[in-house]
Amino acid sequence: MTRALVNAPKTARPGEVIEIRAMIAHPMETGYRIGPNGAPIPRHIIRRLVCTYDGAEVFAADLYPAMSANPYIAFSMVATASGTIALAWTDDHGATQTATAEITVAG
């Protein structure tokens, strides 16, 4: 299982622009490197990252082999209501994993 750190403010005011930051522990192996045995290391990258806020998609990204290992993603969004910020990513092997953060919006 891949570990992820999701950093989001715990509280915000309605309409406030907040920054979401995430770092996913993943090798992001391109498939071009040669291993110690002389054979290519199989490709293993995160293909798609989607962020939902209280069930609605607010950010999505397609990732490619040029991304570094342990990708760091940061984006902004508008806080509208208290809820869950969920990041889900799918890799080359079809495995999907999720990390979440809760935010309370009060003003």
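Among the residues of the range 76-89 satisfying the criterion of being surrounded by 15 or more Cβ atoms within 10 Å (Cβ to Cβ) and under 17 Å from the mean Cα position of the chain (by Cα), which is nearest to D54 (Cα to Cα)?
Among those residues, the one meeting the criterion is I85.
Has the range 74-86 got any residue that is in contact with a Leu (Cβ under 7 Å, 6 or more places away or on another chain), in a strand (DSSP E or B) and not basic (K, R)? Spell out the reasoning first.
Here is the first cut: in the range 74-86, the residues in contact with a Leu (Cβ under 7 Å, 6 or more places away or on another chain) are none.
So far as the range 74-86 goes, no, none of its residues is in contact with a Leu (Cβ under 7 Å, 6 or more places away or on another chain), in a strand (DSSP E or B) and not basic (K, R).
Every residue in the range 15-38 that is of a type outside the set (D, E, K, R), surrounded by 12 or more Cβ atoms within 10 Å (Cβ to Cβ) and at negative phi, please. Let's see the steps before the verdict.
First, pick out the residues of the range 15-38 that are of a type outside the set (D, E, K, R): 15, 17-18, 20, 22-28, 30-32, 34-38.
Those left that are additionally surrounded by 12 or more Cβ atoms within 10 Å (Cβ to Cβ): 18, 20, 22-28, 30-31.
Once the filter is applied, which keeps residues that are of a type outside the set (D, E, K, R), surrounded by 12 or more Cβ atoms within 10 Å (Cβ to Cβ) and at negative phi, the range 15-38 yields I18, I20, A22, M23, I24, A25, H26, P27, T30.
Could you please tell me which pairs satisfy a Cβ distance under 7 Å, a separation of 6+ or placement on different chains, a first residue in the range 62-90 that is in contact (Cβ under 8 Å) with a residue 12 or more places away in the chain and over 13 Å from P9 (Cα atoms), and a second residue that is small (G, A, S) and in a strand (DSSP E or B)?
Final answer for the pair search is I73/A22; I73/A61; L87/A4; L87/A22; L87/A99.
Quick check on my filter: what residues within the range 87-102 are assigned to a strand (DSSP E or B) and charged (D, E, K, R)?
From the range 87-102, those assigned to a strand (DSSP E or B) are 87-91, 96-102; that's our starting set.
Result: D91, E102.
Kindly list the number of the only condition in (1) in contact with a Pro (Cβ under 6 Å, 6 or more places away or on another chain); (2) among the aliphatic types (A, V, I, L, M); (3) not in a loop (DSSP other than H, G, I, E, B) that fails for A69.
(3)
Where residues in the range 1-48 are of a type in the set (S, T, N, Q) and in contact (Cβ under 8 Å) with a residue 12 or more places away in the chain, which of them is farthest from A66 (Cα to Cα)?
My answer is T11.
Anything in the range 82-107 that is more than 15 Å from A60 (Cα to Cα) and hydrophobic (A, V, I, L, M, F, W, C)? List them, or say none.
Hits for the range 82-107 are A95, A101, I103, V105, A106.
Anything in the range 39-57 that is among the aliphatic types (A, V, I, L, M) and surrounded by fewer than 16 Cβ atoms within 10 Å (Cβ to Cβ)? List them, or say none.
A39, I41, A56
Looking at the range 58-72, can you tell me whether even one residue there is modelled with pLDDT of 95 or more, within 15 Å of the chain's Cα centre (by Cα) and exposed (fewer than 11 other Cβ atoms within 10 Å of the Cβ)?
For the range 58-72, residues modelled with pLDDT of 95 or more, within 15 Å of the chain's Cα centre (by Cα) and exposed (fewer than 11 other Cβ atoms within 10 Å of the Cβ): present.
The values are calculated or read from the model by the stated rules, or taken from the named source; none is laboratory data. All of these numbers come straight from a predicted model, not from anything done at the bench. Cβ sites come from the backbone with ideal geometry, for glycine too, and all protein chains shown count toward neighbours.
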